[in-house]
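Notes follow once the structure below has been shown.
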Amino acid sequence: MKTRAGIFRAVGEPLEAVEIDLAEPGPGDVVVRMAAVGICGTDLHQVKGEFQRPTPIVLGHEGAGVVEHVGDAVDSLRVGDEVVLSWAASCGRCADCARGRPAACTPLHEAIGAGTLVDGTTGMSLHGETVYRGTATGAFAERVVVASRAALPTGGVVPFRDAALLGCAALTGVGSVLFAARAKPGGVALVIGAGGVGQFVVQGARIAGAEAIVVVDPVEARREQALGLGATHAVHPDDLEELMASVSPDGADYGFDAVGFPATTVTALRFTRSGGTAVIVGIPPTGMRLDLDPAQFLRREKFLTGTMYGSEDPALALPILLGHVATGRLELAPLLGETFPLERIDDAVRASLELPAGRVLVEP
């Protein structure tokens, strides 16, 4: 089987749409014709050289499309089903999978680092050379072959462009509030970073009933967008200390670092109140380390945790998010940015690197 796909070869080289070979689907696989794929920060880490994964590689994991083929052993999906891709197609056997956290699966993360699927293969090649998969998915393509558990049905109730955002940014951002922090109504939420995931953290805090939502971002357009989605305050990083002194002098009940750099994590923890919870949501470049003051945990009894894919099984979390979309509590369309065809995959990535307010999409 052949398909066109966006190939990344090396830092500084343009991404290119080329025809590659796909291995035929197995009995437990499905073929998904991709309709829309968002460009996630994880993809940009690879483009900027902040992740070291094998190349050539097809990036992209935040996508939606329609099922074109169903393997003989698949009974959960049918041809024509509209689906969102989940990159957490885990092993199903390790301790994390057993406790219902497939996104924490150790074999899965080993596979992601190796640019493969969990079984160690990629099922992609170009002129006989192995082509690797970004985040165990490789969605910047017209078609992908994935395990059936990696294709989550939406019921066709959400347009493909909107649905693509559910595949990663929404599950991660909203989940960080509802499932990782388990935020209670009436609290103060601090959100560091108002990119794609950060905007969904804002909405998660609103859904959870936060009394105040403070957003910090250097880009004015992103701050304005956050205010439209439920933030009560939005400031430049230079103005955070002064604002927090007036909004919540004791600190936020919940601090979310949607960037993932050590400095932003330290900021989120610093402005979280005694006994409060700070959550690392964004993924840092490889090799970065945190330098923390133990007094934050001893004297002030704060909690610091991380979240991977929203800290819930995507198969369980997606229906919850779709329910919020149906009631209007979770907004997707306002977060859509510029859209590019697959043939302009490099332009799409370059646009995303400019830190736009909306999520840049590729439509294969």
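Surrounded by fewer than 22 Cβ atoms within 10 Å (Cβ to Cβ) and modelled with pLDDT of 95 or more - does that describe any residue in region 130-137? Yes: one or more hits.
Against the conditions (1) under 17 Å from the mean Cα position of the chain (by Cα); (2) surrounded by fewer than 17 Cβ atoms within 10 Å (Cβ to Cβ); (3) assigned to a strand (DSSP E or B), GLU338 satisfies every one except (1).
Summed over region 156-186, residues that are in contact with an Asp or Glu (Cβ under 6 Å, 6 or more places away or on another chain) and over 14 Å from GLY38 (Cα atoms) total 4. Pairs meeting the criteria (first residue in region 299-320 and more than 24 Å from GLU331 (Cα to Cα) and in the same structural domain as THR277 (by TED's automatic domain parsing), second residue of a type in the set (A, V, I, L, M, F, W, C) and surrounded by fewer than 22 Cβ atoms within 10 Å (Cβ to Cβ), beta carbons under 9 Å, at least 6 apart or on different chains) are PHE303/PHE297; LEU304/LEU290; LEU304/LEU292; LEU304/PHE297.
Going residue by residue through region 113-121, is there one that turns out to be modelled with pLDDT of 95 or more, outside the structural domain of ALA258 (by TED's automatic domain parsing) and hydroxyl-bearing (Ser, Thr, Tyr)? There is at least one residue in region 113-121 that is modelled with pLDDT of 95 or more, outside the structural domain of ALA258 (by TED's automatic domain parsing) and hydroxyl-bearing (Ser, Thr, Tyr).
Annotation: GLY41 fulfils all but one of (1) within 25 Å of MET288 (Cα to Cα); (2) touching a Phe, Trp or Tyr at 6+ places or on another chain (Cβ under 8 Å); the unmet one is (2).
With respect to GLY323, determine if the residue is more than 29 Å from GLU220 (Cα to Cα) and either part of a strand (DSSP E or B) or free of Cβ contacts under 8 Å to residues at least 60 places away in the same chain (or both). In short, yes. Apart from one condition, SER125 fits all of (1) surrounded by 19 or more Cβ atoms within 10 Å (Cβ to Cβ); (2) touching an Asp or Glu at 6+ places or on another chain (Cβ under 7 Å); (3) in a strand (DSSP E or B); the exception is (1).
Screening the candidates GLY65, GLY60 for the property of being crowded, with 20+ Cβ neighbours inside 10 Å, within 24 Å of VAL362 (Cα to Cα) and touching a Gly at 6+ places or on another chain (Cβ under 8 Å) yields one hit, GLY60.
The values are calculated or read from the model by the stated rules, or taken from the named source; none is laboratory data. Quick caveat: nothing in here was measured; it's all calculated off a predicted structure. So basically every Cβ, Gly included, is an ideal-geometry build from the backbone, and we count neighbours across all protein chains shown.
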